Amino acid sequence: MFELKSKFSGRITHSGVMEFIADEGCAYLPYWMMQNLAICEGEKINFRYKNLEKGIFVKIQPQTYDFLDISNTKAVLESKLRNFTCLTKSDTLAIEYNEKIYWLNVVEVKPGNAISIVETDVNVDFIAPLNKETSKV
């Protein structure tokens, strides 16, 4: 795992690596991760190897109520979280389901402020969505 830190904003997130295909000195990040770091394309960020503890708990807050309209929300979330290697407190994740993108805030993780979710069972809790709008604020 790596800790990613914006040189400009000072914001921090964590990530694993899908593939090492970018040119030296470059990295490809998903747009939602760039938003978490408050960076634009071409901006410099620092990468640092980080050994994260296995997570035991995460509290998620959907940004909109329509996420709760998904049948078996918890199963969908557990399935989608398999695409992630780690979670960082205060990040916002983009989850695609049935051709719609849902934005989810990571409110709390245990232990610490960032956790590994690879090959571990994490207890997931939800809190009420931010608003009734159906698009990201």
Requested in this report: Would you mind telling me which numbered condition in (1) in contact with a His (Cβ under 6 Å, 6 or more places away or on another chain); (2) modelled with pLDDT under 90 Ala114 fails?
Outcome: (2)
Report summary line: Counted residues in segment 85-106 being surrounded by 15 or more Cβ atoms within 10 Å (Cβ to Cβ) and either part of a strand (DSSP E or B) or in contact (Cβ under 8 Å) with a residue 60 or more places away in the chain (or both) come to 14
Report summary line: Expected single match for of a type in the set (Val, Ile, Thr) and in a helix (DSSP H, G or I) among Val76, Val124 is Val76
Query raised in the report: Does segment 50-66 contain at least one residue that is more than 21 Å from Asn131 (Cβ to Cβ) and of a type in the set (Asp, Glu)?
Result: yes
Report task. May I ask you to verify whether Ala75 is among the hydrophobic types (A, V, I, L, M, F, W, C) and free of Cβ contacts under 8 Å to residues at least 12 places away in the same chain? Result -> yes
Query - Candidate set from segment 54-78 (those that are among the β-branched types (Val, Ile, Thr) and under 14 Å from the mean Cα position of the chain (by Cα)); member that is nearest to Trp32 (Cα to Cα) - result: Ile60
Query raised in the report: Any idea which residue in segment 35-71 is surrounded by the most Cβ atoms within 10 Å (Cβ to Cβ), counting only those that are among the acidic types (Asp, Glu) and touching a residue at least 12 places away in the same chain (Cβ under 8 Å)?
Result: Asp66
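Kindly check whether there is at least one residue in segment 119-128 that is charged (D, E, K, R) and on the phi < 0 side of the Ramachandran plot. Outline the logic, then answer.
Initially, segment 119-128 is screened for residues charged (D, E, K, R), giving 119, 121, 125.
Now restrict to residues that are on the phi < 0 side of the Ramachandran plot: 121, 125.
Yes.
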Query - Unmet criterion (only one of (1) part of a loop (DSSP other than H, G, I, E, B); (2) open to solvent by 60 Å² or more (accessible area, probe 1.4 Å); (3) under 16 Å from Glu3 (Cα atoms)) for Gly112 - result: (2)
Query - Residues satisfying the stated conditions in segment 2-31, i.e. open to solvent by less than 50 Å² (accessible area, probe 1.4 Å) and touching a Phe, Trp or Tyr at 6+ places or on another chain (Cβ under 8 Å) - result: Glu3, Leu4, His14, Ser15, Gly16, Ala22
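The values are calculated or read from the model by the stated rules, or taken from the named source; none is laboratory data. For clarity, every value in this text was computed on a predicted model and none was experimentally measured. Heads up, the Cβs are rebuilt from the backbone with ideal geometry, glycines too, and the neighbour counts pull from every protein chain shown. Each accessible area value is taken on the protein alone, full model and side chains, heavy atoms only, with ligands, DNA and RNA left out. Shrake-Rupley method; radii C 1.70, N 1.55, O 1.52, S 1.80 Å.
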